[in-house]
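Okay, so here's the structure we're looking at.
The values are calculated or read from the model by the stated rules, or taken from the named source; none is laboratory data. If you're wondering where the values come from, they're calculated on a predicted model, not measured in any experiment. So basically every Cβ, Gly included, is an ideal-geometry build from the backbone, and we count neighbours across all protein chains shown.
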Amino acid sequence: MNAALRVLRKPYGTLARSLALVVLAAVILFLVSEALGAYDDLQLANGAYYFVVLAGLTVLTGLSGQISLGHGALMAVGAYTVALLIGNEHWPLVPALLAATGIAALVGTAVGAAATRLRGPYLAGATLAFAIGLPALADKYTGTFGGENGLSINPPTPPSALGASFPLERWEAWIACVGALFVLFAMNNLKSSGTGRAFRAVRDDEIAASLCGLRVGRVQTLAFVLSAACAGLGGGLLAVVLQLAAPGAFQLGLSLSLLTAIVLGGLGSLTGAIWGAAVLVLLPSWTNDLAHSFSLPGNVTANLPLAIYGLVLIGAMIAWPSGIQGAVRAVALRLPARRASGGS
Amino acid sequence: MTRFIDLTLNGISTGAVYAAVALALVLIWRATRIVNFAQGGMLMITTFIASSVINTSGSYWLGFVVALASGLVLGAIVERLLIRKVEGGPPLNAVIVALGLLVLLQASAGMIWGNTPRSFPPAFSIRGYDVGGTRVLFSPNDTFIVLVVIGVAVGLAALFRGTAIGLKLRAAAFQPEVARLLGVRVGRMFTLGWALAALVGSLAGLLVAPAVFVGPNQFDPILIFGFTAAVLGGLDSPVGAVVGGIALGLVLSYVSGYEGASLVTLAALVVLLAVLMIRPGGLFSSTRERRV
Amino acid sequence: MALLEIESLTTDYGPVRAVDGVTLAVEHGSVTAVLGANGAGKTSLLRTISGLERASAGHVRLDGEEILGVAVEDIVRRGLSHVPEGRGVIAELSTEENLRVGGLSRGADALALSDIYELFPPLRERRTQLAASLSGGERQMLSIGRALMARPRVLLLDEPSLGLAPRVIAQIMQLISSLAAERGLAVLLVEQNARSALSIAHRGIVLNLGCIVADDDAHKLAADEGMRHAYLGF
């Protein structure tokens, strides 16, 4: 045990720590997915691809200090890429997902490069315009993009090795979770790496960072590209899980919900991204149940999740800037301190 | 050729509305250094209120006045209760609060009035003028829109440049701490700035509602266009807001006419990015843009 | 009774005590210099007096009236003007607009612009120019002139000599001295440039870590070698 701990503290310990984390998470997810029924497995899948997007977004906003309201549109890029490649070109799953990640990353490069000259509200406004404008392309080129109805794809079939009656939902959950684990590994490493430190340095003081030799523009663009890649992967996974890529799923509300999720979870925190993903998945069903038990009219029910998002955003910034993870950390800090281990 | 003229005239009248939204954004930016992303939501609410008043009372102008008054009140309340808490802090916080307010307002409107867009009467006839036998795409209502917006812009410019209150508003915006030392009640100035901005925003909502219909999400594009126009003209410049609005209106009108309406928002994005890349301070900026 | 009386004033920034039980008085028509190294608490002292910082304890009396706890915006109406560190010139407004803002709190009772221009002729030349284009010395004149618009009885000045050339410093100091003498102002002058400050001051106070370590006649303080070497740098 001591030997293992010593390994984890070494310089390459970050990699080992991330690996340990991922393995642990994989085991937990496997057990959970086995225990859940079809509906809940689907929820798990949804949560997993939301986590993929949120992990990238929280790194962008929390670590790199850049706000983006356009990640819903980047998800759309990933989703439509997968839908076109799997549906029209019959690509296999993994290459299609990789392509989605890559193409979204490319778009992210363009957006990110433009974004390096923008700050705060200007960046928000530009990405907002992007979020509202990009889905319009689907309307313009209805031939390729299927217009309002979007593009549908065949569900991914579980390999025969798992047995003929293996539930589709669990297979989808596994696919999405593998994506989530991969992103978890990558982002966790990133946070502790030199690149992660560069992100923070540029966020905190651009002038000082550039005086230390950091190319501010490149660092910021890199953050955008990585988060766009995550959004593309998340969108691709969404297309696989829902078997559909349609404009209705990628309206402005999505980008705003993503923002709410990372604010709620705690900016810059990967654990927070997990909380955020959970909220995104569970809140609509909870509010629906709430509405039904109180027999609330249709208008109220439909708008309740959004109203709650709005309140969360406002409340979080005013009263609770570090989100759920911050609150958890604050509680943890009040617990009796562990005995200091000698010489770390 | 007539198509070009029609598109130009159309661009001017839609541009006037963008100018009004841009003015509201510029006002708040000048007063409190915040971009009010909730502006679209606020003017949507006041337009809904006007719609309800018009439906119950039958009088357009009563609804008009009530909308403006509720705009004043809404702006003051929002600043005093919400924005006050994030003024002067990191810009990200203010952006998120404004977005949260936008979402909340849209959801609330959906809950109260429903999500189905409803129609809204114009102030005057929307039948185009008859010019030498042809009907032009510019109506008495359009004339009203353009005149009102120009009037408001001139009024605001006079307020800011020529009055003591305007001086206080500017001092409070540029250097709040110093202004306090000089006796300016900075808090009140911030509230006033937001109230005025919301008033102008309500006006924009009333002017554009007949075209876009009234619904929780109907004004989203207007926010984008208003923001683009404000950036184009320079967030610090009311004159810029008007010029930017009209210019953008023209550009988008041509895009819509020659390329199709669905590309309009993307076109606005292109304009926005072009301005931010080439001349971040906008066309009329007198202050140097913040270059880090 | 002195025009400005400060009694046991204490200001804390969280766990750090920036001003520690400061007691001093400034007479009508006199200049009191507050000196000390960086971080000694001089600026915090002024900011507490004018209300920008909240005091933890103590009293501030203007002409016998307690002004501690009065809102910052109202302090100037009581007759106390604070020219902040860095001058606080509003760069986006013109010279004249800056001056006018200074007079707003007094309305019709404010000093006339012409009086300020008589005092500071360079400002008249630049009246319509943006304050951003003014030189350091002109900005100092502007910020002092702006403070005078409200007809204060007490003037707080935070490091007016900062960033100015020696000749300009001498001019400014001379100006401050005559303002006190001719208009009867009680001037509290915070300075790092102790030599210049003591040359026009009647009284000198040295702060260290928020406490007063010396409080004496300005001449005596300037002559005290030990004090000069320890705290005043000359």
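Tell me, which residue of segment B:254-272 that is among the polar types (S, T, N, Q) and within 9 Å of chain A (Cβ to nearest Cβ) is nearest to A:G133 (Cα to Cα)?
Applying the first criterion (among the polar types (S, T, N, Q)) to segment B:254-272 yields B:256, B:262, B:265.
Next, from what is left, pick out any that are within 9 Å of chain A (Cβ to nearest Cβ): B:262, B:265.
Values: B:S262: 9, B:T265: 5 Å.
Result: B:T265.
Is one or more of the residues making up segment B:48-62 over 13 Å from the mean Cα position of the chain (by Cα), in a helix (DSSP H, G or I), closer than 22 Å to B:L169 by Cβ and without any contact (Cβ under 8 Å) to a residue 12 or more places away in the chain? Within segment B:48-62, none of the residues are over 13 Å from the mean Cα position of the chain (by Cα), in a helix (DSSP H, G or I), closer than 22 Å to B:L169 by Cβ and without any contact (Cβ under 8 Å) to a residue 12 or more places away in the chain.
Return the residues of segment A:263-280 that are among the β-branched types (V, I, T) and farther than 18 Å from A:L181 by Cα; say none if nothing qualifies. Explain how you work it out, then say what you get.
Our first condition is that a residue be among the β-branched types (V, I, T); within segment A:263-280, this holds for A:263, A:271, A:274, A:279.
Result: A:V263, A:V279.
No other residue among A:F185, A:F166 is over 30 Å from A:P247 (Cβ atoms), part of a loop (DSSP other than H, G, I, E, B) and away from chain B (no Cβ under 11 Å) apart from A:F166.
Looking only at residues that are part of a helix (DSSP H, G or I) and over 18 Å from A:T61 (Cβ atoms) in segment A:188-211, which one is farthest from the chain's Cα centre (by Cα)?
Among those residues, the one meeting the criterion is A:L211.
Close Cβ contacts (under 7 Å, 6 or more residues apart or on different chains) running from residues in segment C:136-157 that are within 13 Å of another protein chain (Cβ to nearest Cβ) to residues that are hydroxyl-bearing (S, T, Y) and in a helix (DSSP H, G or I) comprise C:L142/C:T95.
When we screen B:F120, B:F138 for residues that are at pLDDT 90 or above, buried (at least 16 other Cβ atoms within 10 Å of the Cβ) and away from chain A (no Cβ under 14 Å), the only hit is B:F120.
Modelled with pLDDT under 85 and among the β-branched types (V, I, T): does that describe B:V275?
Values: modelled with pLDDT under 85: yes; among the β-branched types (V, I, T): yes.
Against the criterion (modelled with pLDDT under 85 and among the β-branched types (V, I, T)), B:V275 qualifies.
The set of residues from segment A:272-314 being modelled with pLDDT of 85 or more and over 21 Å from B:G114 (Cα atoms) comprises A:G272, A:A273, A:I274, A:W275, A:G276, A:A277, A:A278, A:V279, A:L280, A:V281, A:L282, A:I314.
Can you tell me which of A:L226, A:L214, A:L267 is outside any helix (DSSP H, G or I) and under 19 Å from the mean Cα position of the chain (by Cα)? I'd like the intermediate steps shown before the answer.
Numbers: A:L226 fails: outside any helix (DSSP H, G or I); A:L214 fails: under 19 Å from the mean Cα position of the chain (by Cα).
It is A:L267.
Restricting attention to segment C:26-46, the residues that are within 14 Å of chain B (Cβ to nearest Cβ) and crowded, with 24+ Cβ neighbours inside 10 Å total 1. Of the helices (runs of 4 or more DSSP H) contained entirely in segment A:108-148, those carrying at least 3 residues that are more than 7 Å from chain B (Cβ to nearest Cβ) and surrounded by fewer than 23 Cβ atoms within 10 Å (Cβ to Cβ) fall at A:142-145. The single residue among C:P160, C:P152 that is at pLDDT 90 or above, buried (at least 21 other Cβ atoms within 10 Å of the Cβ) and closer than 20 Å to C:V72 by Cα turns out to be C:P152. Annotation note: of A:G72, A:G78, the sole residue that is part of a helix (DSSP H, G or I) and either more than 14 Å from chain B (Cβ to nearest Cβ) or polar (S, T, N, Q) (or both) is A:G78.
Yes/no matrix, rows are residues, columns are (1) in a helix (DSSP H, G or I); (2) over 26 Å from A:I153 (Cα atoms); (3) within 14 Å of another protein chain (Cβ to nearest Cβ); (4) modelled with pLDDT of 80 or more:
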position: A:A3; (1), (2), (3), (4): yes, yes, no, no
position: A:R17; (1), (2), (3), (4): yes, yes, no, yes
position: A:A25; (1), (2), (3), (4): yes, yes, no, yes
position: A:A48; (1), (2), (3), (4): yes, no, no, yes
position: A:I67; (1), (2), (3), (4): no, yes, yes, yes
position: A:A83; (1), (2), (3), (4): yes, no, no, yes
position: A:G87; (1), (2), (3), (4): yes, no, no, yes
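Out of segment B:142-195, which residues are of a type in the set (D, E) and either buried (at least 17 other Cβ atoms within 10 Å of the Cβ) or away from chain C (no Cβ under 14 Å) (or both)? Scanning segment B:142-195 gives a single hit, B:D142. The lone criterion from (1) more than 24 Å from A:A307 (Cα to Cα); (2) in contact with an Asp or Glu (Cβ under 8 Å, 6 or more places away or on another chain); (3) within 14 Å of chain A (Cβ to nearest Cβ) left unmet by B:G89 is number (2).
What are the pairs with Cβ atoms under 7 angstrom where one residue, in segment A:282-305, is more than 14 Å from chain B (Cβ to nearest Cβ) and the other, located anywhere, is at pLDDT below 80 and surrounded by 11 or more Cβ atoms within 10 Å (Cβ to Cβ)? Sequence gap at least six, or different chains. Taking only residues 6 or more apart or on different chains, the pairs are A:N288/A:T301.
Looking at segment B:88-102 only, could you name the residues that are farther than 13 Å from B:V35 by Cβ and surrounded by fewer than 24 Cβ atoms within 10 Å (Cβ to Cβ)?
Of segment B:88-102, the ones farther than 13 Å from B:V35 by Cβ are B:88-90, B:100.
Correct list: B:G88, B:G89, B:P90.
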